[in-house]
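Only one structure is covered here, and it is reproduced in the block below.
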Amino acid sequence: MSRSIATRTGDDGTTGLLYGQRVPKDHPQIEAVGVLDELNAAIGTARAMVTANGARELVIGGLLTRVQQNLVALMGEIACAEVDSTRFGASNFPRLGADDLRILDEAVAQLESRGLRFDGWATPGANSMAAAFDVARTTARRAERRLVALPAVGRSLRPELRQWINRLSDCLWLLARECEQ
């Protein structure tokens with residue numbers, strides 16, 4: 001017998017955190033995970049456009065695939081209750097680290113070295129690829145706001161998580177500007 005996606009356990013307005021604790025569906029951690037999931041979908045859209053566009057873009061496509069894997073790891077860590085953070089740290093679940101931040105820093109430096117032209121505030125929509133990156137960027141900024149709000153409700157964050165999402169937003173902004181040119 002196959003399992004159904006419709007478990008009905010959320011019919012009461014709750015959902016489960018990583019190790020089974022039930023929380024309301026509008027809980028700040030669930031809000032953060034939800035926006036990260038939206039960001040993953042937005043980056044998937046941009047990646048699909050980039051990889052359909054040619055060989056040069058495959059380098060960016062590889063970066064975006066890595067970013068999506070990092071987002072899954074980040075969602076897992078955020079979906080863990082504070083009381084279970086030690087358990088999560090001891091688990092085999094993937095976690096963002098210094099290497100992941102370094103990759104984004106290098107991507108930002110590489111994009112900036114290309115002499116991208118921009119003057120003032122960007123107006124999204126020059127083309128569909130640039131617009132897709134701008135949608136991903138604005139979703140990343142919303143995810144960042146949700147992440148930085150978590151400590152106020154008792155869920156601590158490792159500094160690397162805030163740094164990574166901030167750097168990702170910068171990288172997506174630069175990718176949008178590159179697509180405009």
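None of the figures in this text is laboratory data; all of them are computed from the coordinates on show. Worth saying up front: this structure is predicted, and the values here are computed from it rather than measured. Using ideal geometry, Cβ is built from the backbone for each residue, glycine included, and neighbour counts are taken over all protein chains shown.
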- Query: Amide H to amide H, which residues 5 or more places from Ala81 or on other chains are under 5 Å from it, using H placed in the peptide plane?
  - Reply: Leu18, Tyr19
- Angle between the Cα long axis of helix 128-149 and the longest principal axis of the chain, 0 to 90 degrees, nearest 10? 40
- Using a Gaussian network model of the chain whose springs link C-alpha atoms within less than 10 Å, name the residue from Pro94, Pro28, Pro151 with the highest mean-square fluctuation. Pro151
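Compute the relative contact order of the chain as a whole-number percentage, counting only Cα pairs closer than 8 Å that sit 6 or more residues apart in sequence.
Values: 190 pairs, mean separation 50.1, N = 181.
Computed over the chain, the figure is 28 percent.
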- With the contact rule set at Cα under 8 Å and sequence spacing of 6 or more, what percent relative contact order holds for the stretch 49-155? 23
- Query: Pick from Leu168, Leu96, Leu39: which is most flexible by mean-square fluctuation in a GNM of the chain where alpha carbon atoms under 10 Å apart are linked?
  - Reply: Leu96
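Is the stretch 1-53 best put as rounded, prolate or oblate by its Cα gyration tensor, with a ≥ b ≥ c the root eigenvalues, rounded for a/c under 1.5, and otherwise prolate when a/b is larger than b/c, oblate when not? Write down the numbers at each step before the final one.
Numbers: a/c = 3.42, a/b = 1.73, b/c = 1.98.
Note, shape of the stretch 1-53 comes out oblate.
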- Item | Span from the the stretch 115-181 Cα centroid across to the the stretch 1-30 one, whole angstrom | 28
- Query: At a Förster radius of 22 Å, what calculated FRET efficiency corresponds to the Cβ-Cβ distance of Leu116 and Arg162, to the nearest 0.05?
  - Reply: 0.30
- Message: Please list, ordered by chain and number, the residues whose modelled amide H lies under 5 Å from the amide H of Thr15; skip anything fewer than 5 residues away on the same chain.
- Response: Val23, Lys25
- Message: Cut-off 10 angstrom, C-alpha nodes, Gaussian network model of the chain. Which of Arg87, Arg162, Arg47 fluctuates the most?
- Response: Arg87
- Query: Quick one: helix 28-51 against the long Cα principal axis of the chain, what's the angle to the nearest 10°, folded into 0 to 90?
  - Reply: 30
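What ranking do 136-145, 100-109, 152-161 get when scored by the average of other Cβ atoms within 10 Å per residue, highest first?
Those peptides, ordered most packed to least, come out 136-145, 100-109, 152-161.
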